[in-house]
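*Asks:* After the structure tokens below, expect a handful of questions from me.
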Amino acid sequence: MKYLSNLLYFITLISSAQQITGRVTSSNTSLPYVNVYLKNTTKGSVTDENGTFKITNIDHGTYTIVASFTGYKKIEKKINVTDATSPVHFDLEESESLDEIIITGTLKAVSRLESPVPVEVYSPAFFKRNPTPNIFEALQNVNGVRPQLNCNLCNTGDIHINGLEGPYTLVLIDGMPIVSGLSTVYGLSGIPTSLIEQVEIVKGPASSLYGSEAVGGLINIITKLPENAPLFFADAFTSGWGEVNVDLGFKAQVGKKATVLMGTNYFNYSNPIDNNKDNFTDVTLQDRVSIFQKWNFKRANNRLFSLAGRYFYEDRWGGEMHWNKSHRGGDEVYGESIYTSRYEVIGNYQLPVHENINFQFSYSDHDQNSFYGDTPYMAKQRIAFGQFLWDKSLKNNDLLLGIATRYNYYDDNTPATLHPDEITIPSVFVQDEITLSKKQRVLLGARYDYDKRHGSIFTPRIAYRYKPTDDDIIRLNAGTGFRVVNLFTEEHAVLTGARDVIIEEELEPEQSYNVTLNYLKKLYTNHGHLFTFDASVWYTYFTNAIIPDYDSNPNQIIYSNLNGNSITKGLSVNVDGVFNSNFKASMGATFQDVSQNEGGTKSRQILTERFTGVWSLSYKNYPSHITIDYTGNIYGPMRLPTLGPLDPRSNYSPTWSIQNIQFTYNGLRNFEIYGGIKNLLHWTPNKGNPFIIARANDPFDKDVTFDAQGDVVATPNNPYALTFDPSYVYGPNQGRRLFFGLRYTLH
């Protein structure tokens, strides 16, 4: 009788149990591998390749069902399970919240809210609001970060963070420091945004973890894991100037233990335009291809093993409108022509031991074949990097110990490099994140490097996080930096134009001391709106600073260690608002003072703005499937490199702004159609100036007269006493233009 009773009870349970079915999408595209579960139960499922899920054996009742997936906002819904429960549909949005998982600040995967180091995170959704052919241009809408063009002709550039020049910024790909020196100009090109999981930015020194180049800050481009990438994607757009950018990629399962992600980027601009009528191209012509591949391997106990590689080739030139390849290296028609060939390998292997120890490695090989007019610059750089990381968690201590080695080989044809520069720098570093209480954490870190040219290098840091409430975070960071300068890989001005480069002394390494205070506040309103306030103040003091002197002699660029100090200080504020599912807004402003003090005289740093602002407004109309994005930036005046008292060009730039608008339609399955206008105000730097390029009519200075001291003499055909100089540049010389694009994504 007892067995019969149990059997009847079991049959009753089966007959009353129901199932929940449904589908998960994002922008009408199916999402596989999404976790769907009933809150406060053990019942759950994972979506298949079609985005569908099924949860079985559910008793009648009311539940909260949750859909959660990395990189997307979690959604919860109340459902009532009956005999006729309707399918449940989730449409997830890409996440730009504060709760992202980050690794850049501490070299560990932690919640952004829990990290003692303030880290800014930007998702692919951020970059889609203003599509660009490379990450370099996309960063123009990040507060406190400015892409700086360094040449009117070849359009090479670098990234300024908080007013510091590009060489102070370290660029990482998947945490590996392979973009530096010769490759800084090109490291942010050729990575399809569709392959990017997120971009993490740290402002302020991170030398104790990443080495001597992370003085001003760092940018870490994190690519997608193959399992999180779409099955196939394509993204192509063109502009009214004739620019064409194409991203293609796919992922595939190789055997039972490997997944591969493949991506290709192609960019072409071959339409010489001279709107300012100086007989020089307004924008550099480029033909670029980049191929990226990333492998993930399944191992026992979920240990990590990934391997990635990238090949990059580019042919770019800018110069006189009638220049062609037959003029390359000659002195009749001026052009700056650069051939770049580069490949990279990145890997991460978790050792098969009980402790959590990873071996990370990278290698890059960069070959540059270039002519700046009739001046050849042939350079090679090879960088090999390897490090062991031991991650050990104790009760209140989270330890990280590392041993690293960096090998750098550099050679070029300039007089400054009589022999190849070859150096191996061993390093050891330690970090301890201490939990003092639920509200307080402190991070202590130190790094020791040995450089045979400069001896021992010690770079400590400390970070403190205080969280008085769940919605308030205060962070205080302090640290030091150390940087060895290589002029010919970092300063484009030493190669272009007619100025002579004068190196007055053997350059000593720069050293810096920084302190940053950060406050973050989340505010929820009664109407369901979410606001995030993020404010920072910083102060950085440099000794032995190396700053190009354009002022002492208009015909020279003089390099020496500053006999004094250099200081950068400022305030940065960001406000993000999510008003509802239709409207989002983000605004930021930075105010900064970057100056040098030498011999009691204070001077403002050249090509550095006092203030900058950025904004992004997004509105989505669900019935029409149209999203409108309005993005822009504004920059305050900068001191510019003029060529002497007779130069008629302005010594300061005006306040200027680049603004863009985009319309996106996603009403078709798997497709997005987008288009809009870039540079709505049609701003270009030649406005208000008689010319931008000095002596554009005589780029080889054949008709320039010099006196016995080497100074230029004013003559009837050179009344301003100028030499050829394309370095007077502070913003893009490309006016208003339409763009149109199409995306296809298959999950």
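*Asks:* Somewhere in region 245-262, is a residue more than 25 Å from the chain's Cα centre (by Cα), of a type in the set (S, T, N, Q) and under 22 Å from GLU336 (Cβ atoms)? Steps first, answer last, please.
*Replies:* Initially, region 245-262 is screened for residues more than 25 Å from the chain's Cα centre (by Cα), giving 252-259.
Applying the additional criterion that residues be of a type in the set (S, T, N, Q) yields 253, 259.
Still in the running and under 22 Å from GLU336 (Cβ atoms): none.
No, every residue in region 245-262 fails to be more than 25 Å from the chain's Cα centre (by Cα), of a type in the set (S, T, N, Q) and under 22 Å from GLU336 (Cβ atoms).
*Asks:* I would also like to ask the following. Specify the residue that is nearest to ILE173 (Cα to Cα); the eligible residues are those in region 306-340 that are part of a strand (DSSP E or B), among the hydroxyl-bearing types (Ser, Thr, Tyr) and more than 21 Å from the chain's Cα centre (by Cα).
*Replies:* The selected residue is SER306.
*Asks:* In the set ASN143, ASN130, which member is modelled with pLDDT of 85 or more, in contact with a Gly (Cβ under 7 Å, 6 or more places away or on another chain) and within 30 Å of LYS620 (Cβ to Cβ)?
*Replies:* None of the other options fit; the residue is ASN143.
*Asks:* Return the residues of region 589-625 that are within 14 Å of ARG129 (Cβ to Cβ) and either at pLDDT 90 or above or out of contact with any strand residue (DSSP E or B) (no Cβ under 9 Å at 6 or more places or on another chain) (or both); say none if nothing qualifies.
*Replies:* At the first step, the residues of region 589-625 found to be within 14 Å of ARG129 (Cβ to Cβ) are 614-620.
Passing the criteria: VAL614, TRP615, SER616, LEU617, SER618, TYR619.
*Asks:* Next question, about the same structure. Being of a type outside the set (Ser, Thr, Tyr) and within 16 Å of HIS454 (Cα to Cα) is the filter here, so list the residues in region 405-434 that pass it.
*Replies:* ARG406, ASN408, ASP421, GLU422, ILE423, ILE425, PRO426, listed by residue number.
*Asks:* Would you check if THR417 is assigned by TED's automatic domain parsing to the domain that holds SER337 and either at pLDDT below 85 or assigned to a loop (DSSP other than H, G, I, E, B) (or both)?
*Replies:* yes
*Asks:* Between residues in region 574-585 that are without any contact (Cβ under 8 Å) to a residue 12 or more places away in the chain and residues that are assigned to a loop (DSSP other than H, G, I, E, B), which pairs lie under 6 Å by C-beta distance while being six or more apart or on different chains?
*Replies:* Cβ pairs passing all conditions: none.
*Asks:* Of everything in region 17-35 that's part of a strand (DSSP E or B) and among the hydroxyl-bearing types (Ser, Thr, Tyr), which residue is modelled with the lowest pLDDT? Don't jump to the end; show me each part of the working.
*Replies:* We begin by selecting, within region 17-35, every residue part of a strand (DSSP E or B); these are 18-26, 29-30, 35.
Narrowing the set further to residues that are among the hydroxyl-bearing types (Ser, Thr, Tyr) leaves 21, 25-26, 29-30.
Details: THR21: 90, THR25: 85, SER26: 77, THR29: 69, SER30: 74.
The qualifying residue modelled with the lowest pLDDT is THR29.
*Asks:* Same structure again: What are the pairs, 6+ residues apart or on separate chains, where a residue within region 469-482 that is of a type in the set (D, E, K, R) has its Cβ under 6 Å from a residue that is outside any loop (DSSP other than H, G, I, E, B)?
*Replies:* Once the first residue is of a type in the set (D, E, K, R) and sits in region 469-482, its partners that are outside any loop (DSSP other than H, G, I, E, B) give ASP471/LYS522; ASP472/LYS521; ARG475/ARG465; ARG475/ASN518.
*Asks:* I need the full set of residues from region 711-737 which are assigned to a loop (DSSP other than H, G, I, E, B) and of a type in the set (A, V, I, L, M), in order please.
*Replies:* Scanning region 711-737 gives ALA714, ALA721, LEU722, VAL729.
*Asks:* Picking from ASN130, ASN162, ASN152, which residue would you name as being at negative phi, outside the structural domain of GLY675 (by TED's automatic domain parsing), out of contact with any helix residue (DSSP H, G or I) (no Cβ under 7 Å at 6 or more places or on another chain) and buried (at least 22 other Cβ atoms within 10 Å of the Cβ)? Before the answer, list the steps.
*Replies:* Numbers: ASN130 fails: out of contact with any helix residue (DSSP H, G or I) (no Cβ under 7 Å at 6 or more places or on another chain); ASN162 fails: at negative phi.
Being at negative phi, outside the structural domain of GLY675 (by TED's automatic domain parsing), out of contact with any helix residue (DSSP H, G or I) (no Cβ under 7 Å at 6 or more places or on another chain) and buried (at least 22 other Cβ atoms within 10 Å of the Cβ) holds for just one of ASN130, ASN162, ASN152, which is ASN152.
*Asks:* Would you pick out the residues in region 44-84 that are surrounded by 17 or more Cβ atoms within 10 Å (Cβ to Cβ) and over 30 Å from PHE232 (Cα atoms)?
*Replies:* Of everything in region 44-84, those that are surrounded by 17 or more Cβ atoms within 10 Å (Cβ to Cβ) and over 30 Å from PHE232 (Cα atoms) turn out to be ILE58, TYR63, ILE79, VAL81.
*Asks:* So which residues in region 386-420 are surrounded by fewer than 18 Cβ atoms within 10 Å (Cβ to Cβ) and within 30 Å of TYR372 (Cβ to Cβ)?
*Replies:* TYR407, TYR409, ASP411, ASN413, THR414, PRO415, ALA416, THR417, LEU418, HIS419, PRO420
*Asks:* Would you be able to tell me the number of residues in region 400-433 that are of a type outside the set (A, V, I, L, M) and closer than 29 Å to VAL117 by Cβ?
*Replies:* 12
*Asks:* Out of everything in region 153-168 that is outside any strand (DSSP E or B) and of a type outside the set (S, T, N, Q), what residue ends up being nearest to LEU571 (Cα to Cα)?
*Replies:* Checked region 153-168; the qualifying residue nearest to LEU571 (Cα to Cα) is GLY163.
*Asks:* ASN268 versus (1) among the polar types (S, T, N, Q); (2) part of a strand (DSSP E or B); (3) touching a residue at least 60 places away in the same chain (Cβ under 8 Å); (4) farther than 21 Å from ILE196 by Cα: which is the lone unmet condition?
*Replies:* Only one criterion is unmet by ASN268, namely (3).
*Asks:* Let me ask another. For region 409-429, indicate whether the set of residues that are farther than 16 Å from VAL484 by Cβ, hydrophobic (A, V, I, L, M, F, W, C) and within 27 Å of the chain's Cα centre (by Cα) is non-empty.
*Replies:* Within region 409-429, one or more residues are farther than 16 Å from VAL484 by Cβ, hydrophobic (A, V, I, L, M, F, W, C) and within 27 Å of the chain's Cα centre (by Cα).
*Asks:* Would you please name the residue that is farthest from PHE136 (Cα to Cα), looking only at residues in region 213-232 that are among the aliphatic types (A, V, I, L, M) and at pLDDT 80 or above? Walk me through how you get there before you give the answer.
*Replies:* The first filter runs over region 213-232 and keeps only residues among the aliphatic types (A, V, I, L, M), leaving 214-215, 218-219, 221-222, 225, 229, 231.
Cutting the leftovers down to at pLDDT 80 or above gives us 218-219, 221-222, 225, 229, 231.
On the way: LEU218: 13, ILE219: 11, ILE221: 11, ILE222: 15, LEU225: 22, ALA229: 23, LEU231: 27 Å.
The extreme case among them is LEU231.
*Asks:* A further question on this structure: If you go through region 450-469 one residue at a time, do you hit one that is closer than 19 Å to SER111 by Cβ, in the same structural domain as ASN369 (by TED's automatic domain parsing) and out of contact with any strand residue (DSSP E or B) (no Cβ under 6 Å at 6 or more places or on another chain)? Spell out the reasoning first.
*Replies:* Taking region 450-469 as the starting set, the residues that turn out to be closer than 19 Å to SER111 by Cβ are 463-469.
Keeping just the survivors that are in the same structural domain as ASN369 (by TED's automatic domain parsing) gives 463-469.
Restricting the remaining residues to those that are out of contact with any strand residue (DSSP E or B) (no Cβ under 6 Å at 6 or more places or on another chain) gives 468-469.
Yes: one or more hits.
*Asks:* Okay, next question. How many residues does region 632-658 hold that are farther than 30 Å from ILE558 by Cα and buried (at least 19 other Cβ atoms within 10 Å of the Cβ)?
*Replies:* 3
*Asks:* Right, another one. Could you tell me which numbered condition ASN486 fails, if it satisfies all but one of (1) surrounded by 19 or more Cβ atoms within 10 Å (Cβ to Cβ); (2) at pLDDT 85 or above?
*Replies:* Among (1) surrounded by 19 or more Cβ atoms within 10 Å (Cβ to Cβ); (2) at pLDDT 85 or above, the lone unmet condition for ASN486 is (2).
*Asks:* Here's another thing I want to ask about it. Take the residues of region 59-78 that are among the polar types (S, T, N, Q) and within 20 Å of TYR33 (Cα to Cα): which is modelled with the highest pLDDT?
*Replies:* Among those that are among the polar types (S, T, N, Q) and within 20 Å of TYR33 (Cα to Cα), it is THR64.
*Asks:* Ok, one more. Please go through region 506-520 and give me each residue that is assigned to a strand (DSSP E or B) and either in contact with a helix residue (DSSP H, G or I) (Cβ under 9 Å, 6 or more places away or on another chain) or surrounded by 15 or more Cβ atoms within 10 Å (Cβ to Cβ) (or both), ordered by number.
*Replies:* Across region 506-520, the qualifying residues are GLU510, GLN511, SER512, ASN514, VAL515, THR516, LEU517, ASN518, TYR519, LEU520.
*Asks:* Moving on to the next point. With respect to GLY731, is the statement that it is small (Gly, Ala, Ser), crowded, with 16+ Cβ neighbours inside 10 Å and closer than 29 Å to SER595 by Cα true?
*Replies:* yes
*Asks:* Could you figure out which of (1) at pLDDT below 95; (2) over 30 Å from GLN360 (Cβ atoms); (3) assigned to a strand (DSSP E or B) isn't true of GLY263?
*Replies:* (2)
*Asks:* Out of the residues in region 243-280 that are over 20 Å from ILE191 (Cβ atoms) and of a type in the set (Asp, Glu), state the one that is surrounded by the most Cβ atoms within 10 Å (Cβ to Cβ).
*Replies:* Restricting to residues being over 20 Å from ILE191 (Cβ atoms) and of a type in the set (Asp, Glu), the top hit is ASP278.
The values are calculated or read from the model by the stated rules, or taken from the named source; none is laboratory data. Owing to the predicted nature of the structure, the values given are computational and were not obtained by experimental measurement. Please note: Cβ atoms are built from the backbone with ideal geometry, for glycine as well, and neighbour counts cover all protein chains shown.
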